[in-house]
């Protein structure tokens, strides 16, 4: 699960075994996803360098990479802006997630093994623990890892790349809903339904669990 480990280092505890460019990208992305850098704000790149404790070259490379992923916008003669959030963007993301995550879980249901099921259950319990302690950033990191594990199990590299970008964008919207304990309880239950469907090897049930999970996200967003 090397992809999982790489994605999971997008926190301040990024290990030194990966390149400076990758460390800057992951740490910068983490701050965008968790809304430490607010949507619509212009960024002072010198301040970002201080925040990440990184030099100009890796930070600039991260800026261009994150722009291609839709998390930043480079505005001529103005600078770098955190991509704004809009309900129209959220609804488009939901449409794309419905197709791609259903496919992901269909593939995963055919390829999952017992060790991966156990890993997913353990991770979902850690999400529940983070929710109980109101640790929003840990919840987001673990949720990101949970979905990356599902993509790894599906074993389709192109699909995994698409899902990584979609999920990062969706998490910024999700971050606005995390004050609701009821919603987090729903997320944990939905994750368990996904795991149960995979454990049964039931592709149709897995796809339906994906759709329920995404529609729950939509409802939480509209209610927020």
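Please go through the stretch 65-87 and pick out each residue that is touching a helix residue (DSSP H, G or I) at 6+ places or on another chain (Cβ under 7 Å) and farther than 20 Å from residue 34 by Cβ. I'd like the intermediate steps shown before the answer.
Here is the first cut: in the stretch 65-87, the residues touching a helix residue (DSSP H, G or I) at 6+ places or on another chain (Cβ under 7 Å) are 65-66, 69-74, 80, 82, 85.
Passing the criteria: only 74.
Do we find that residue 98 is touching a helix residue (DSSP H, G or I) at 6+ places or on another chain (Cβ under 8 Å), buried (at least 16 other Cβ atoms within 10 Å of the Cβ), in the same structural domain as residue 214 (by TED's automatic domain parsing) and part of a helix (DSSP H, G or I) in this structure? If you could, list the steps in order and put the result at the bottom.
Details: touching a helix residue (DSSP H, G or I) at 6+ places or on another chain (Cβ under 8 Å): yes; buried (at least 16 other Cβ atoms within 10 Å of the Cβ): yes; in the same structural domain as residue 214 (by TED's automatic domain parsing): yes; part of a helix (DSSP H, G or I): yes.
Yes; evaluated as a whole, the condition is true for this residue.
Sort through 128, 108 and tell me the only one that's buried (at least 16 other Cβ atoms within 10 Å of the Cβ) and within 17 Å of residue 189 (Cα to Cα).
Numbers: 108 fails: within 17 Å of residue 189 (Cα to Cα).
Just a single option satisfies the conditions, and that option is 128.
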* Asked: Taking the stretch 37-56 only, how many residues are free of Cβ contacts under 8 Å to residues at least 24 places away in the same chain and touching a helix residue (DSSP H, G or I) at 6+ places or on another chain (Cβ under 8 Å)?
  -> 4
* Check whether at least one residue in the stretch 51-58 is closer than 27 Å to residue 177 by Cα, within 22 Å of the chain's Cα centre (by Cα) and at pLDDT 95 or above, and report yes or no. => yes
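Among the residues of the stretch 44-86, how many are assigned to a strand (DSSP E or B) and crowded, with 16+ Cβ neighbours inside 10 Å? Reasoning before the result, please.
As a first pass, look at the stretch 44-86 and keep what is assigned to a strand (DSSP E or B): 72-75, 79-82.
In the following step, the residues that additionally are crowded, with 16+ Cβ neighbours inside 10 Å were identified as 72-73, 80-82.
The qualifying residues number 5.
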* Condition met for residue 136 (modelled with pLDDT under 95 and surrounded by fewer than 19 Cβ atoms within 10 Å (Cβ to Cβ)) -> yes
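Considering only the stretch 121-129, I want to know if a residue exists there that is out of contact with any helix residue (DSSP H, G or I) (no Cβ under 7 Å at 6 or more places or on another chain), under 23 Å from residue 31 (Cα atoms) and modelled with pLDDT under 95. Quick ask: steps written out before the conclusion?
So in the stretch 121-129, the residues out of contact with any helix residue (DSSP H, G or I) (no Cβ under 7 Å at 6 or more places or on another chain) come out as 122, 125, 129.
Filter again for under 23 Å from residue 31 (Cα atoms), leaving 129.
Checking the rest, the ones that are also modelled with pLDDT under 95 come to none.
Scanning the stretch 121-129 turns up no residue that is out of contact with any helix residue (DSSP H, G or I) (no Cβ under 7 Å at 6 or more places or on another chain), under 23 Å from residue 31 (Cα atoms) and modelled with pLDDT under 95.
Please enumerate the residues belonging to the stretch 165-185 that are surrounded by fewer than 17 Cβ atoms within 10 Å (Cβ to Cβ) and either within 28 Å of residue 27 (Cα to Cα) or touching a helix residue (DSSP H, G or I) at 6+ places or on another chain (Cβ under 8 Å) (or both). Quick ask: steps written out before the conclusion?
Step one: of the stretch 165-185, the residues surrounded by fewer than 17 Cβ atoms within 10 Å (Cβ to Cβ) are 165, 176, 179-182, 185.
Correct list: 165, 176, 179, 180, 181, 185.
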* To do: Would you mention how many residues in the stretch 178-193 are closer than 11 Å to residue 213 by Cβ and more than 17 Å from the chain's Cα centre (by Cα)?
  => 4
* Every residue from the stretch 18-43 that is part of a strand (DSSP E or B) and either surrounded by 19 or more Cβ atoms within 10 Å (Cβ to Cβ) or under 20 Å from the mean Cα position of the chain (by Cα) (or both) -> 43
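The values are calculated or read from the model by the stated rules, or taken from the named source; none is laboratory data. Please read these numbers as outputs of a predicted model, since none were measured by experiment. A quick note on method: Cβ atoms are made from the backbone with ideal geometry, for glycine too, and the neighbour counts reach across all protein chains shown.
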